[in-house]
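Down below is the structure, laid out as structure tokens.
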Amino acid sequence: MRFRPPFVTKSAFGDTVIVLFLLAQAADGVMTYVGVTTMGLGIEANPLLASLMAYAGQGAGVAIAKMVAGGLGISLHLLGVHRIIAVLTAIYLVGAVLPWASLLLTTW
């Protein structure tokens, strides 16, 4: 029997949403890395991420940012606020993954 904190309940919706959130983070991380290595650091629209990549390096900067985002998403999942994760996932797909995908597809 696994230990589960008392505030955590099993939810198929929540499990699906956190997996989609983590996949969106991974996709954004890969596309961000490919974008900045092929087009330069100036292509990154997020000034915090661009600064982190300038300081720590492109790969390390993206990895740190994605690990923090993934960890915070998992924390929200453990708190059971799955609708918030669903909204964040949708925002991420529309605001980060789709723009990167369209930019990378049109430049190749």
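If we count other beta carbons within 10 Å of each Cβ, what is the order of 13, 21, fewest first?
13, 21
Select from 17, 62, 94 the residue whose mean-square fluctuation is largest in a Gaussian network model of the chain (Cα-Cα springs shorter than 10 Å).
The residue that fluctuates most here is 94.
Given labels modelled 7 Å from the Cα in the Cβ direction, how far is it in nm from residue 23 to residue 37?
Those two pseudo-labels are separated by 2.4 nm.
With charges only on Cβ, +1 for K and R and -1 for D and E, what is the dipole size of the chain about its Cα centre, in debye, rounded to 20?
420 debye
Going by alpha carbons, how many degrees (0 to 90, nearest 10) lie between the helix axis of 82-92 and the longest principal axis of the chain?
10 degrees
Any chance you could run the full-extension gain for residue 84 through residue 64? It's 0.36 nm times the residue separation minus the Cα-Cα distance, nm to one decimal.
So the extension gain works out to 5.0 nm.
In what sequence do 37, 107 fall when counting other Cβ within 10 Å, fewest first?
107, 37
Here are several values of Cα Rg over 2.2 N^0.38 Å: [x] 1.08; [y] 0.98; [z] 1.20. Which one was derived from the coordinates shown?
This structure yields the entry labelled [z].
For the chain, what is the calculated [θ] at 222 nm in deg cm²/dmol (nearest 500), taking -39500 (n - 2.57) for each run of four or more DSSP H residues and dividing by its residue count? Could the numbers behind the result be given before it?
On the way: 5 runs with 81 residues, N = 108.
One gets -25000 deg cm²/dmol as the mean residue ellipticity at 222 nm.
Only Cα pairs within less than 10 Å get springs; with that Gaussian network setup on the chain, which residue of 56, 69, 96 has the largest fluctuation?
Ranking 56, 69, 96 by mean-square fluctuation puts 56 first.
All of the numbers you see were taken from the coordinates with simple rules; none came from a lab. Source: prediction; values computed, not measured. Every residue, glycine as well, gets a Cβ built from its backbone with ideal geometry; the counts of neighbours run over all protein chains shown.
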